[in-house]
Amino acid sequence: MSKYYVNKFLYTVDRDPDLLRRYKDDAQSLVSAWEQSIGPRLGDYERSTVTGFTNVEREALVSHDYVALFEMGAHFFLSLTIFVALYDEEYMTRSGPLAFQREFGAKLDHWLGREYPSVAT
């Protein structure tokens, strides 16, 4: 897995309201478009040598599978912030404040007492 590339996706999409909306509405299309146009860019004139996701990474991103992303070593804070941005309002109206954060924690509960996957790139 290219942790750098996955983390770059999480970081850039979370900080752009249009990309975030597109990721929520049509993740497949946004992941593909990001992978082809935004991901390879390093500034205005350079391109990254990492030019694509693995099939496993792509599937986890498309399906919003934050548990799989965590287990592959995606940075937990980047994962949490993007998925809070996607789901917090929806969860809050159903279950109250911090509902999504509680679910996020509960789905990762099996990691308690274990060493977390490394986020080093």
Go through R58, R94 for me and flag whichever is more than 15 Å from S2 (Cβ to Cβ) and either without any contact (Cβ under 8 Å) to a residue 12 or more places away in the chain or charged (D, E, K, R) (or both). R94
Tally up the residues in the range 48-67 that are closer than 17 Å to L108 by Cα, surrounded by fewer than 16 Cβ atoms within 10 Å (Cβ to Cβ), of a type in the set (G, A, S) and in contact with a helix residue (DSSP H, G or I) (Cβ under 7 Å, 6 or more places away or on another chain), please. 0
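Consider the range 66-77. How many of its residues are without any contact (Cβ under 8 Å) to a residue 60 or more places away in the chain and over 20 Å from R15 (Cα atoms)?
Restricting attention to the range 66-77, the residues satisfying the condition of being without any contact (Cβ under 8 Å) to a residue 60 or more places away in the chain are 66-68, 70-71, 76-77.
From what's left, over 20 Å from R15 (Cα atoms): 67-68, 71.
Total satisfying the criteria: 3.
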Please go through the range 46-98 and pick out each residue that is in contact with a Lys or Arg (Cβ under 9 Å, 6 or more places away or on another chain) and part of a loop (DSSP other than H, G, I, E, B). S48, V50, G52, H64, G73, A74, H75
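For the range 22-41, check the following and say yes or no: at least one residue is in contact with a strand residue (DSSP E or B) (Cβ under 8 Å, 6 or more places away or on another chain), surrounded by 14 or more Cβ atoms within 10 Å (Cβ to Cβ) and closer than 15 Å to K3 by Cα. It would help to see each step written out before you state the result.
As a first pass, look at the range 22-41 and keep what is in contact with a strand residue (DSSP E or B) (Cβ under 8 Å, 6 or more places away or on another chain): 40-41.
Narrowing the set further to residues that are surrounded by 14 or more Cβ atoms within 10 Å (Cβ to Cβ) leaves 40.
Restricting the remaining residues to those that are closer than 15 Å to K3 by Cα gives 40.
The answer is yes; a qualifying residue exists.
Determine whether L80 is surrounded by 15 or more Cβ atoms within 10 Å (Cβ to Cβ) and either without any contact (Cβ under 8 Å) to a residue 60 or more places away in the chain or farther than 25 Å from D25 by Cβ (or both).
Details: surrounded by 15 or more Cβ atoms within 10 Å (Cβ to Cβ): yes; either without any contact (Cβ under 8 Å) to a residue 60 or more places away in the chain or farther than 25 Å from D25 by Cβ (or both): yes.
So L80 passes the test.
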Return yes or no: is F104 touching a Leu at 6+ places or on another chain (Cβ under 9 Å), in contact (Cβ under 8 Å) with a residue 12 or more places away in the chain, surrounded by 12 or more Cβ atoms within 10 Å (Cβ to Cβ) and not in a helix (DSSP H, G or I)? no
Failed condition for S63, given (1) among the polar types (S, T, N, Q); (2) modelled with pLDDT under 85; (3) under 20 Å from R15 (Cα atoms): (2)
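Go through the range 16-45 and report how many residues are free of Cβ contacts under 8 Å to residues at least 12 places away in the same chain and either part of a helix (DSSP H, G or I) or closer than 17 Å to Y87 by Cβ (or both).
Restricting attention to the range 16-45, the residues satisfying the condition of being free of Cβ contacts under 8 Å to residues at least 12 places away in the same chain are 16-18, 21-22, 25-26, 29, 32-33, 36-37, 40-45.
Pick out the ones that are also either part of a helix (DSSP H, G or I) or closer than 17 Å to Y87 by Cβ (or both) and you get 17-18, 21-22, 25-26, 29, 32-33, 36-37.
Summing the residues that are free of Cβ contacts under 8 Å to residues at least 12 places away in the same chain and either part of a helix (DSSP H, G or I) or closer than 17 Å to Y87 by Cβ (or both) in the range 16-45 gives 11.
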Can you tell me which condition R41 does not meet? The list is (1) in contact with a Lys or Arg (Cβ under 7 Å, 6 or more places away or on another chain); (2) modelled with pLDDT of 90 or more, and all the others hold. (2)
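The values are calculated or read from the model by the stated rules, or taken from the named source; none is laboratory data. Here the structure is a predicted model, which is why all the values come from computation and not from measurement. Methodologically, a virtual Cβ is constructed for each residue, glycine included, from the backbone with ideal geometry; neighbour enumeration extends over all protein chains shown.
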